[in-house]
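Trainee: Let me give you the structure first, and then I'll get to my questions.
The values are calculated or read from the model by the stated rules, or taken from the named source; none is laboratory data. From a predicted model like this one, the values you see are computed outputs, not experimental measurements. FYI the Cβ positions are ideal-geometry reconstructions off the backbone, even for glycines, and counts take in every protein chain you see. Quick note on the areas: whole protein, heavy atoms, side chains included, nothing else; ligands and nucleic acids left out. Shrake-Rupley method; radii C 1.70, N 1.55, O 1.52, S 1.80 Å.
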Amino acid sequence: MSRIGKMPITVPGGVDVKIGENNQVTVKGPKGTLERTLPRDMKIELENGSLVVTRPSDLKRFKSLHGLTRTLLNNMVVGVTDGYKKTLEINGVGYRAAKSGNKLTLTLGYSHPVEMLDPDGVTAEVEGNNKIIVTGIDKEKVGQYAANIREKRPPEPYKGKGIKYDTERIRRKAGKSGK
């Protein structure tokens, strides 16, 4: 049995879960609504205020989908109750971020400013000049937008310049050795 898949998901008060045909799951909570079609083979049931995912047999394919389905459901429930947040830091002389409306403008040492529009359901906030906070209810979208921002100027190992996650540690390298 899958260790992750067999754990029940407790549905907090104020969260409404609807399971439609073909495992079309809709989770509605205080922060918003998420909808997703999960694998048909998995059986999702709402019992006594908790979601339980079961698989039809012990085939390798079903074992793989069991934990995944449970985790996706859990991410939806956590997203509509608490939401998700990723924090990015910009390091480097002259590197900064600015926000106007839903447009994020990054000055990263290129000949032009890099402009990015916030995707639906995700917002980016700028704290100071060098901290970007990406928030939203969909874990996948928040992580992807944060990765897209980081991709514009990944941190380099010599001086540590670039955009990095706040939890990320950059392994520094020694530069050229002079005579």
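Trainee: Could you check the range 13-29 and list, in sequence order, the residues that are within 20 Å of the chain's Cα centre (by Cα) and either of a type in the set (Gly, Ala, Ser) or open to solvent by 70 Å² or more (accessible area, probe 1.4 Å) (or both)?
Mentor: LYS28, GLY29
Trainee: Here's something else I'd like to know. Do you know which of the residues in the range 51-70 that are among the small types (Gly, Ala, Ser) and within 17 Å of THR37 (Cα to Cα) is farthest from the chain's Cα centre (by Cα)?
Mentor: Going through the range 51-70, the residues among the small types (Gly, Ala, Ser) turn out to be 57, 64, 67.
If we keep only those that are within 17 Å of THR37 (Cα to Cα) as well, we get 64, 67.
Details: SER64: 21, GLY67: 18 Å.
The selected residue is SER64.
Trainee: Working carefully through the options LEU65, LEU34, LEU59, LEU88, find the one that is aliphatic (A, V, I, L, M) and farther than 26 Å from SER2 by Cα.
Mentor: Values: LEU65 fails: farther than 26 Å from SER2 by Cα; LEU34 fails: farther than 26 Å from SER2 by Cα; LEU59 fails: farther than 26 Å from SER2 by Cα.
Only one candidate passes the filter, namely LEU88.
Trainee: Next question. From (1) in contact with a helix residue (DSSP H, G or I) (Cβ under 6 Å, 6 or more places away or on another chain); (2) over 22 Å from LYS139 (Cβ atoms); (3) of a type outside the set (Val, Ile, Thr), pick out the condition that doesn't hold for ASP58.
Mentor: Going through (1) in contact with a helix residue (DSSP H, G or I) (Cβ under 6 Å, 6 or more places away or on another chain); (2) over 22 Å from LYS139 (Cβ atoms); (3) of a type outside the set (Val, Ile, Thr) one by one, ASP58 breaks only (1).
Trainee: Something else: List, please: which pairs have Cβ atoms under 7 Å, are six or more places apart or on different chains, and start with a residue in the range 81-95 that is over 19 Å from TYR145 (Cβ atoms) and end with one that is part of a loop (DSSP other than H, G, I, E, B) and of a type in the set (Asp, Glu)?
Mentor: none
Trainee: Further question: Is it the case that ILE44 is closer than 25 Å to GLY136 by Cβ, surrounded by 12 or more Cβ atoms within 10 Å (Cβ to Cβ) and touching a helix residue (DSSP H, G or I) at 6+ places or on another chain (Cβ under 7 Å)? Even if it seems obvious, please write down each step before you answer.
Mentor: On the way: closer than 25 Å to GLY136 by Cβ: yes; surrounded by 12 or more Cβ atoms within 10 Å (Cβ to Cβ): yes; touching a helix residue (DSSP H, G or I) at 6+ places or on another chain (Cβ under 7 Å): yes.
Answer is yes for this residue.
Trainee: Give me the pairs, please: first residue somewhere in the range 152-179 and in contact (Cβ under 8 Å) with a residue 40 or more places away in the chain and more than 21 Å from GLU115 (Cα to Cα), second residue anywhere and open to solvent by less than 70 Å² (accessible area, probe 1.4 Å) and charged (D, E, K, R), beta-carbon distance under 7 Å, and either six or more positions apart or on two chains.
Mentor: Matching pairs, first to second residue: ASP166/GLU89.
Trainee: Just to check your reading of the model, which residue among LYS152, LYS159, LYS141 is closer than 22 Å to THR33 by Cα and either of a type in the set (Lys, Arg) or modelled with pLDDT of 95 or more (or both)?
Mentor: On the way: LYS152 fails: closer than 22 Å to THR33 by Cα; LYS159 fails: closer than 22 Å to THR33 by Cα.
Unique residue meeting the criteria: LYS141.
Trainee: Oh, and also: Quick check on the range 61-88: of everything there that is open to solvent by less than 50 Å² (accessible area, probe 1.4 Å) and among the aliphatic types (A, V, I, L, M), which residue is nearest to LYS31 (Cα to Cα)? Explain how you work it out, then say what you get.
Mentor: Here is the first cut: in the range 61-88, the residues open to solvent by less than 50 Å² (accessible area, probe 1.4 Å) are 62, 65-67, 69-70, 72-81, 83-84, 87-88.
Adding the requirement that they be among the aliphatic types (A, V, I, L, M) leaves 65, 72-73, 76-78, 80, 88.
Numbers: LEU65: 28, LEU72: 17, LEU73: 16, MET76: 11, VAL77: 10, VAL78: 10, VAL80: 5, LEU88: 23 Å.
Only one residue tops the list, namely VAL80.
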